[in-house]
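Below: one structure, written as structure tokens.
The values are calculated or read from the model by the stated rules, or taken from the named source; none is laboratory data. Predicted, not measured: the structure shown is a model, and the values here were computed from it. Note that we place each Cβ from the backbone using ideal geometry, even for glycine, and neighbour counts take in every protein chain shown.
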């Protein structure tokens, strides 16, 4: 296949779904929000923006104050027991029937796929895990497929690059949901960037265990984003944002990535909006 | 598995190798360009995503079924090949495999061997072993021939010389083969072929690998594009095939989906130029083919992977190389940095069984767990899950039982274990967690500008003024 030279390389590889196509429920009255630890400390306003987006759709949001981390850092580092203990603590907090909305594909993937692995030898817990996996949604997917939002853009015309995290893309299958949300914004032109489907190099502990390789990856990602002609960068995962923004700042570049929730709320708060309520 | 105690091995200097590779702009350009090309080629072969997924699921089932009766299939393969007149040898270690090959060499007083492409022979370091014993081994695959001239190892399991561009090959041929310098790729290939052609007829023995060993018919199937595989296996009077024990499949029907997945995933070809099916030596009424055919079945750690239900999936691999073509780490550091015969994602999960987790301790951690490898694997090996499992084995307390992987516990550190225990306490004690985050955000001004390797390539992250826990509590109340 010959690619026209103007088109970015490897931009739109869509990962195959891990399971069959997902059936989405009707819009609920209440949801849980899992804030994620990275967002908690570094991007709390993105969490608040997610809450406001959901509230705007007429949904009551519950944020159990006892929540902490999903357990992924220990899990991917091979400290399975520690991950299981932390996962168990979270499980207890989301035992009701409301959907669990997570403003991160990575942590959502942990709830939806990896908790099954963690508790595979505990049949009783596994039943809870399966039930939670069924009602765990990444934020973009929830807004689009469950809330069926209709966004009305109130912002000035702008070119935007969307970075999708690997877990959003491959574990949650939400690569195209972020695109569809941006496409609803009339003033937003989404531009592809070079090797868009490639990892930004974060990978949690990978970024400190293999700093040279991770650094090379994030520098390439920053260069691709800068080269895309986008004035703004959006992602629905704060791990990637922490990594990409850190690199852009180190390079003295003014470009910064913003969480999708913050971007969507900002673009639509001036105009009237809201789906079929 | 060997009863011999595993002597602790020196770890491969992966991080140093990676650093050197990253500093080589030519190498980075060569790999990026080549991997982009291969990704596009593969994609063009699978325009229908649903069909691809059905085929991958099919391929996975075929491999899983073959592995579920691996011992039985190997016995059947041995019996059938023997009936076909092929001599079958079993080797637990690379030393045993080399000794077997050397015995055959001595029986024929062979001085010269021509080789088709074989990664198992690389595993054995056969060229080196036989070279030390006065036997000349010449690689006949163009890529292998090039890396052999450079005294290098293959940089990729399918395209051994993918790390080089035409200019580098031109210079190599000019220096080593004493031909005029030319960057014309067709001419370079012609030069290589002329050199190789003579050797096919002078060789006493031909050596090849095997893509699929078919138990039902006793057939060794070999795919290739240059015809060198067919020459190596038919022209010399003796043919020795070497392969890993996992390459056996039940019957010819099983080969069809696997073959289709292999060539399309590897080089983006619907089928290779040559598909060789070897079922025995020359028969009395036949005019060509070798008079003697041998198969060496090598274990080399594979039965360790086989013994564990999860790690067994490693052996699904049909060696297409798609995982490395799509790997952002491999693309940046190339194949040599891994310091192993099998580089890239598959190398990270298969090599610990061959060399032990102590020698390969850095390999499972050299992944951002992005999942690109698992996404494209034609037989659906869950490579990221297996990497995670190997990480778990690597940090397990050394005395812990049972022993799943040789060299387990190689990355165990009391200090790191304590850190994770503290992390667990923090994240299972809500009040403590909130207090810690409260302190972290209030002391944000004290955040150091340099925090370990993170800030080599990034500025230090700055905590927000207040946590989401606080903001949400204000907005939603205490829930």
Selected residue (only one of B:315, B:298 is in contact (Cβ under 8 Å) with a residue 24 or more places away in the chain, touching a strand residue (DSSP E or B) at 6+ places or on another chain (Cβ under 7 Å) and either buried (at least 24 other Cβ atoms within 10 Å of the Cβ) or closer than 30 Å to residue A:77 by Cβ (or both)): B:298
Odd one out for residue A:19 among (1) free of Cβ contacts under 8 Å to residues at least 24 places away in the same chain; (2) in a loop (DSSP other than H, G, I, E, B); (3) more than 20 Å from the chain's Cα centre (by Cα): (3)
Among (1) touching a helix residue (DSSP H, G or I) at 6+ places or on another chain (Cβ under 9 Å); (2) more than 10 Å from chain B (Cβ to nearest Cβ) - the single one residue A:67 does not satisfy: (2)
Residue within the stretch A:96-115 that is without any contact (Cβ under 8 Å) to a residue 60 or more places away in the chain and over 30 Å from residue B:386 (Cβ atoms) present: yes
Failed criterion for residue A:204 (all others in (1) part of a loop (DSSP other than H, G, I, E, B); (2) within 19 Å of the chain's Cα centre (by Cα); (3) at pLDDT 95 or above hold): (3)
Helices (runs of 4 or more DSSP H) lying entirely in the stretch B:281-369 (those with 1 or more residues that are at pLDDT 95 or above, within 18 Å of residue B:21 (Cβ to Cβ) and more than 13 Å from the chain's Cα centre (by Cα)): B:328-333
Test: residue B:57 is surrounded by fewer than 19 Cβ atoms within 10 Å (Cβ to Cβ), part of a helix (DSSP H, G or I) and either under 20 Å from the mean Cα position of the chain (by Cα) or not assigned by TED's automatic domain parsing to the domain that holds residue B:193 (or both): no
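Inspect all residues belonging to the stretch A:49-61 and state whether any of them is facing chain B (nearest Cβ under 10 Å) and over 20 Å from the mean Cα position of the chain (by Cα).
Yes, the stretch A:49-61 contains at least one residue that is facing chain B (nearest Cβ under 10 Å) and over 20 Å from the mean Cα position of the chain (by Cα).
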Residue check for residue A:180: farther than 21 Å from residue A:41 by Cα, away from chain B (no Cβ under 12 Å), touching a residue at least 24 places away in the same chain (Cβ under 8 Å) and touching a helix residue (DSSP H, G or I) at 6+ places or on another chain (Cβ under 6 Å): yes
Inter-residue pairs, beta-carbon under 7 Å, first without any contact (Cβ under 8 Å) to a residue 40 or more places away in the chain and more than 8 Å from chain A (Cβ to nearest Cβ) and in the stretch B:429-445, second in a helix (DSSP H, G or I) and surrounded by 15 or more Cβ atoms within 10 Å (Cβ to Cβ), 6+ apart: B:432/B:426; B:436/B:426
Enumeration of residues in the stretch B:151-167 that are within 18 Å of residue B:340 (Cβ to Cβ) and touching a helix residue (DSSP H, G or I) at 6+ places or on another chain (Cβ under 8 Å): B:152, B:153, B:154, B:155, B:156, B:157, B:158, B:159, B:160, B:161, B:162, B:163
Meets criteria (away from chain A (no Cβ under 11 Å) and free of Cβ contacts under 8 Å to residues at least 12 places away in the same chain) for residue B:410: no
Of all residues making up the stretch A:152-162, the number that are buried (at least 24 other Cβ atoms within 10 Å of the Cβ) and either out of contact with any strand residue (DSSP E or B) (no Cβ under 8 Å at 6 or more places or on another chain) or closer than 22 Å to residue A:111 by Cβ (or both): 0
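So which residues in the stretch A:27-44 are part of a helix (DSSP H, G or I) and either out of contact with any strand residue (DSSP E or B) (no Cβ under 8 Å at 6 or more places or on another chain) or at pLDDT below 95 (or both)?
A:37, A:38, A:40, A:41, A:42, A:44
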Residues within the stretch B:450-473 that are in a loop (DSSP other than H, G, I, E, B), under 25 Å from residue A:48 (Cβ atoms) and more than 7 Å from chain A (Cβ to nearest Cβ), tallied: 3
Odd one out for residue A:38 among (1) surrounded by fewer than 16 Cβ atoms within 10 Å (Cβ to Cβ); (2) touching a residue at least 24 places away in the same chain (Cβ under 8 Å): (1)
Selection within the stretch A:247-262 - under 15 Å from residue A:39 (Cα atoms) and crowded, with 22+ Cβ neighbours inside 10 Å: A:257, A:259, A:260, A:261
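Filter the stretch A:116-151 for residues that are outside any helix (DSSP H, G or I) and surrounded by 14 or more Cβ atoms within 10 Å (Cβ to Cβ) and give the result. Steps first, answer last, please.
From the stretch A:116-151, those outside any helix (DSSP H, G or I) are A:119-122, A:135-138, A:147-151; that's our starting set.
Scanning the stretch A:116-151 gives A:119, A:135, A:136, A:137, A:138, A:147, A:149, A:151.
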Members of the stretch B:126-149 found to be farther than 17 Å from residue B:208 by Cβ and either in contact (Cβ under 8 Å) with a residue 60 or more places away in the chain or in a loop (DSSP other than H, G, I, E, B) (or both), listed by number: B:133, B:134
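Residue check: is residue A:190 surrounded by fewer than 22 Cβ atoms within 10 Å (Cβ to Cβ), at pLDDT 95 or above, more than 14 Å from the chain's Cα centre (by Cα) and away from every other protein chain (no Cβ under 11 Å)? Lay out the reasoning, then the answer.
Working: surrounded by fewer than 22 Cβ atoms within 10 Å (Cβ to Cβ): yes; at pLDDT 95 or above: yes; more than 14 Å from the chain's Cα centre (by Cα): yes; away from every other protein chain (no Cβ under 11 Å): yes.
When the stated conditions are applied, residue A:190 passes them.
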Qualifying strands (runs of 3 or more DSSP E) (wholly inside the stretch B:176-272; at least 1 residues being within 18 Å of residue B:76 (Cβ to Cβ) and in contact with a helix residue (DSSP H, G or I) (Cβ under 8 Å, 6 or more places away or on another chain)): B:212-214, B:219-224, B:238-244
